[in-house]
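Taking it in order: structure first as structure tokens, then the write-up.
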């Protein structure tokens, strides 16, 4: 029988070398819980990236909207030595997603390093429920795009209704922000 992933903060980052076809996998530890999403990544170099962590709450209602700067250079490649193995690398017979971070660490596996680049709620009062696009502009400037769902949501009965931002009372719309990051 298959068991479900129990470590809801583990996300895999897969790299692909277009010249050789070689893949690598690294573990990313997100801060939030099972309802949070790691939904976008953008490269700064071959080893450094920016990653979105967010929940689905509106920023003005305590939502989590953060971008982290990560580095894979010191992280363990968990691709596994046996690429023909269908179920990948395991620790004590368990898939990595079934292991706690303590078990992963005890097995000598190092996750990617990460530091907070920007908390959008704290920095700019980000009011939307989600953001799903980032573009690094250089010089520690980041363009952030919200996902407005076309300004509509389900009314609970399968019908569309306007998606209203609680903070402003206005219909959500596509917006781009440019923010400074660390």
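Observations
- Taking the inverse of the mean 1/r over every pair of distinct Cα atoms in the chain gives a Kirkwood hydrodynamic radius of 18.2 Å.
- For the chain, averaging the sequence separation of C-alpha pairs within contact (under 8 Å, six or more residues apart) and dividing by the residue count gives a relative contact order of 19 percent.
- Cα extents of the stretch 36-108 along the three principal axes, largest first (Å): 46, 29, 23
- Sorted into 5 angstrom bins from 0, the C-alpha pair distances of the stretch 89-180 split as 3, 11, 15, 14, 10, 9, 12, 13, 9, 4, 0 percent.
- P(r) histogram, all alpha-carbon pairs of the stretch 66-118 included - 10 Å bins from 0, percent: 22, 43, 28, 7
- Neighbour-count ranking [beta-carbon atoms within 10 angstrom, fewest first] of 165, 44: 44, 165
Values in this text are rule-based calculations from the coordinates and carry no lab data. As the structure is a computational prediction, the values presented were derived from the model and not from experiment. We place every Cβ from the backbone using ideal geometry, glycine too, and count neighbours over all the protein chains shown.
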